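K.L.:
The structure that follows is given in the form of structure tokens.
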Amino acid sequence: MTNTLICSLWHYSTRYALIYLMLSALCILTIGSSAHAQEEAQATNYGLTESIGLLGTKDKGSFGSGVYRGTKRSELTALLKLIEQSQWVSMRPLVKDYLLTEADSSALTQDVPINLGEDLLTLRLDALLRLGYNREAFELYRKAADNKLDEPTIRTGVYSMLFNRQKGLACLEVKTAFPKYKDISIWKKLNSYCEASLKNQQKEILRNQEKIWKMH
């Protein structure tokens, strides 16, 4: 037994109406009726972290702080999960602005709880990376990084650093987080990658030193 969910953005201007028309054609999602057990989340202040953005109300491209008003959390969560680069080519700039808008998440209709990894910050970071906006995802994560964040958010932040060619920062983040998440497979892989990169870097430094000494 399935339910069809039509995802929509609630807008109050011609700009918003245009995006509604474009997105609604792509946002028909069939969701299984089986219930998923909610994972235990850390004590994250979602009211703060979910509202973080790079575009303030007065910034060009901003959708305004009230853009979530009238939208169900379940619908917005489903919409953000749908975003893929191949399907959203013509709308990428508008979708990017939406994802980067600083907005009040408390204005959402809270019809479902926040599952681990499904808060708006993590979902927006994921969507930005899928769209190829690596720099914007990196900057958004940096703005949020001073707050207490869940494991999926930190992991996505590490991806944003790696995709933005910030391997040093990414491995520093991994080194900081690894003691807490060392039992999680992906963190073991990330830690091994960073350790191997450090060893290779050290070998390269030694090779360069040898070349310099041979020049004397």
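K.L.:
Considering each of Arg124, Arg142, Arg135 in turn, give the residue that is closer than 26 Å to Gly70 by Cβ, out of contact with any Ser or Thr (no Cβ under 7 Å at 6 or more places or on another chain) and assigned to a helix (DSSP H, G or I). Give the steps one after another, and end with the answer.
P.N.:
Values: Arg142 fails: closer than 26 Å to Gly70 by Cβ; Arg135 fails: closer than 26 Å to Gly70 by Cβ.
Being closer than 26 Å to Gly70 by Cβ, out of contact with any Ser or Thr (no Cβ under 7 Å at 6 or more places or on another chain) and assigned to a helix (DSSP H, G or I) holds for just one of Arg124, Arg142, Arg135, which is Arg124.
K.L.:
Checking Thr109 against (1) surrounded by fewer than 22 Cβ atoms within 10 Å (Cβ to Cβ); (2) more than 19 Å from Val67 (Cα to Cα), which test does it fail?
P.N.:
Thr109 satisfies all of (1) surrounded by fewer than 22 Cβ atoms within 10 Å (Cβ to Cβ); (2) more than 19 Å from Val67 (Cα to Cα) except (2).
K.L.:
Going by the structure shown, is Leu26 modelled with pLDDT under 85, touching a Leu at 6+ places or on another chain (Cβ under 8 Å) and in a loop (DSSP other than H, G, I, E, B)? So that I can check it myself, show each step before the final result.
P.N.:
On the way: modelled with pLDDT under 85: yes; touching a Leu at 6+ places or on another chain (Cβ under 8 Å): yes; in a loop (DSSP other than H, G, I, E, B): yes.
Spelling it out, Leu26 is indeed modelled with pLDDT under 85, touching a Leu at 6+ places or on another chain (Cβ under 8 Å) and in a loop (DSSP other than H, G, I, E, B).
K.L.:
Here is a further query. Search segment 59-110 for residues being among the acidic types (Asp, Glu) and not in a helix (DSSP H, G or I), and hand back the single one that is modelled with the lowest pLDDT. Talk me through it step by step, then tell me what you get.
P.N.:
Restricting attention to segment 59-110, the residues satisfying the condition of being among the acidic types (Asp, Glu) are 59, 75, 84, 97, 102, 104.
If we keep only those that are not in a helix (DSSP H, G or I) as well, we get 59, 84, 102, 104.
Working: Asp59: 96, Glu84: 83, Glu102: 97, Asp104: 95.
Per the stated criteria, the residue is Glu84.
K.L.:
In segment 125-149, what residues are under 16 Å from Thr49 (Cα atoms), touching an Asp or Glu at 6+ places or on another chain (Cβ under 9 Å) and surrounded by fewer than 22 Cβ atoms within 10 Å (Cβ to Cβ)?
P.N.:
Ala145
K.L.:
For the list (1) under 21 Å from Ala144 (Cα atoms); (2) assigned to a helix (DSSP H, G or I), I need the number of the one condition that Ile114 fails.
P.N.:
Against the list (1) under 21 Å from Ala144 (Cα atoms); (2) assigned to a helix (DSSP H, G or I), Ile114 comes up short only on (2).
K.L.:
Are any of the residues in segment 67-78 in contact (Cβ under 8 Å) with a residue 12 or more places away in the chain and within 23 Å of Phe163 (Cα to Cα)?
P.N.:
Applying the first criterion (in contact (Cβ under 8 Å) with a residue 12 or more places away in the chain) to segment 67-78 yields 67-78.
Applying the additional criterion that residues be within 23 Å of Phe163 (Cα to Cα) yields none.
No, that holds for no residue.
The values are calculated or read from the model by the stated rules, or taken from the named source; none is laboratory data. Source: prediction; values computed, not measured. We place every Cβ from the backbone using ideal geometry, glycine too, and count neighbours over all the protein chains shown.
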